[in-house]
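Asker: Dumping the structure here so I can ask a few things about it.
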Amino acid sequence: MSAKTATILHPEFPDYAGPAPGLGYHRPKASLPEPQVALQERGTGRLGLGKGTPWGWALGPLLVLVYWSLGSLTGFIDSRILPAPWVAVTTGLELFEEGRLQANVAISTLRAAEGLVFGVSAGLAFAFLSGLSLFGGYVFDGIIQIKRAIPMLALIPFFILWFGIGETMKVTMISILVFVPVYVQTHNALRGIDLRYVELAETMRLNYGQFLRHIVLPGAMPGILLGLRFAVMAAWVGLVVVEQVNTTSGIGYMVSLARNYAQADVMLVGLVLYAVLGLASDYAVRLIERRTLGWRRTLAQ
Amino acid sequence: MSGNVSGNVSGAIVSIRNVVRRFTLKGVLDGVDLDISRGEFVALLGRSGSGKSTLLRAIADLDHEAIGSGEIYVPERISVVFQDARLLPWKTLLDNVTFALKGPDARERGRRALEEVGLGGRETSLPQELSGGEQQRVALARSLVGEPELLLADEPFGALDALTRIKMHVLVKRLVSVHQPAVLLVTHDVDEAIVLSDRIVVLDQGAIVADICVDLPEDAGERLERTADLRRRLLAHLGVETAAPVADTALS
């Protein structure tokens, strides 16, 4: 039988009065009802990560917060050692009313932002110089690896000698802390550009500018953005270091002052601020990541 | 030293003289001479390791890791289709086709090229959304949109399933008749070479061992017989001895 003649027939039952009781058979009136097919999402495979939830990442921090709150309520955690979590909010509000909080956050943010701009620009520039040219690599890469091996804290005395104790020294320190991850990740990404795409670019006779724009930049973007994620965190962490050296403003100053007077609640406000600012900037970079790297197919999707 | 000089010698669009290539690891060419005329479809047939890809890469100027000698003259506009479609995963299909083009009509030309390979309307899709055959069709569109004088194809259908491959053969025949580039198709598939090309060059151990013109007659019966005969000869050159009936059934 060919496919054309294989029609499904719905026989008429002229003498049929109504549905037989207990039989799930109904005579069609005008037309057959649409087949009801329940479609459902089928998840990922056995080795995939499964479907994520948008705020899933908050579970761990929330558990810590619950433990901390319960500990403070029951007195299991001594408030002189670690104040209750809500103390961070109440003290924060007090500091805000005094005007100290926003003034310190503003100056710290400015330092972090300046350091970020300088550090990221320099990191990208040097990474491209040493990643895309052998000679550039010979000149710069060694120096930067040596710099990486020297602890930042050991450099502070020299930086004070060279740049004084003012803003220049602080922003320079943050810039260098930001520079390193941006350089390392970008350099690695550039050297890891797939040779097959380089071949393609050669056969298509791209000039160097087109090669950079169409192949190198988008190809290295995952690495660059990973470096940027490290960088924003490094900028905030750097504040802790530089704002404890001869400073009279900033979150770090607020914390070290509180340490001198054993004000655990103000110290806690500082820590919470760092956490919030760090997470917020990391989230911002991940948003950029999602926008620009939408083409990637990875385990996390 | 090898010299890749653009130019035309005595009507041939590609002219290769005494080309030698040595690699430390794989592939050799041992004094290859080859001319390809304008619009000619040449299949380069050989076993794996025969040097056929090496020759193609030499013509495409992609073999700088090799040491060698000889002269290679090629036309100005060459494009290459690789075994993998080699689409840029971060670009849409249209951008993949047009990113090397210049001029205000680049996007329009890209759109037409995609339409030509049956992917009109898919301009904004990403390569990862396509099947292997579709990706290779985009690669074909990309290679033809610049109207090349020479199209180099390195086993472009090697990674496709048998049914998709047949469809691709039909598509390639049509595209080549429209755009009329000279084609050098590297393959190890004897039937593919017979179906597609005007001329079949067999390479073995880095040297050309056969150069056969494919002019099959129109008459169906005679055509079948001649095809089977050609197939047997080519397989013999490739070191595969077949009994005649086997070859016939395989072709029908």
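FYI, it's all coordinate maths here, none of it is from the lab. This structure is a prediction, so every number in the text was calculated from the model and none was measured. A quick note on method: Cβ atoms are made from the backbone with ideal geometry, for glycine too, and the neighbour counts reach across all protein chains shown.
Asker: If Lys and Arg each add +1 and Asp and Glu each add -1, what is the summed charge of the other residues whose beta carbon sits under 13 Å from the beta carbon of residue B:162? If you can, show how the numbers build up before the last one.
Answerer: Working: positive: B:165, B:167; negative: B:161, B:189, B:191, B:192.
Local charge sum for residue B:162: -2.
Asker: Within a Cβ distance under 9 Å of residue A:239, other residues only, what is the Lys/Arg minus Asp/Glu net charge?
Answerer: Working: positive: A:111, A:170; negative: A:243.
With Lys, Arg at +1 and Asp, Glu at -1, the net is +1.
Asker: Right, next: Could you tell me the extents of the protein assembly as shown's C-alpha atoms along the three principal axes, largest first, rounded to whole Å?
Answerer: 104, 96, 46 Å, listed from the longest principal axis down.
Asker: A further question follows. Not counting the cut sites, what is the longest span of chain B without GluC sites (Glu not before Pro) that DSSP labels loop and that have at most 14 other Cβ atoms within 10 Å? Kindly include the intermediate steps, with their values, before the conclusion.
Answerer: On the way: sites that count: B:65, B:76, B:218, B:241.
After excluding every exposed loop site, the longest remaining stretch is B:77-217.
Asker: Sticking with this structure for a sec: Have a look at region A:212-257 and give its Rg and Dmax from the Cα atoms, expressed in angstrom.
Answerer: Cα only, region A:212-257: 16.8, 51 Å (Rg, Dmax).
Asker: Considering just Cα atoms, how many Å³ per residue does the convex hull of region A:98-291 enclose? Walk me through the numbers before you get to the answer.
Answerer: Numbers: hull volume 24.7 nm³, N = 194.
About 127 Å³ per residue, rounded to a whole number.
Asker: For chain B, what proportion of DSSP beta bridges, expressed in % and rounded to the nearest 5, is antiparallel? Walk me through the intermediate numbers first.
Answerer: Numbers: 21 of 45 bridges.
That works out to approximately 45 percent antiparallel.
Asker: Taking amide H positions as placed 1.01 Å from N in the peptide plane, with prolines and chain starts having none, which residues 5 or more places from residue B:207, or on another chain, fall under 5 Å of its amide H?
Answerer: Answer set, sorted by chain and number: B:30.
Asker: Quick check on packing: order A:125-138, A:100-113 by the mean number of other C-beta atoms within 10 Å, highest mean leading.
Answerer: Details: A:125-138: 16.8, A:100-113: 18.6.
Peptide ranking by packing, descending: A:100-113, A:125-138.
Asker: Once you keep just the Cα pairs under 8 angstrom separated by 6 or more residues, what percentage relative contact order results for chain B? It would help to have the intermediate numbers written out before the result.
Answerer: Details: 487 pairs, mean separation 61.7, N = 252.
About 24 percent, as a whole number.
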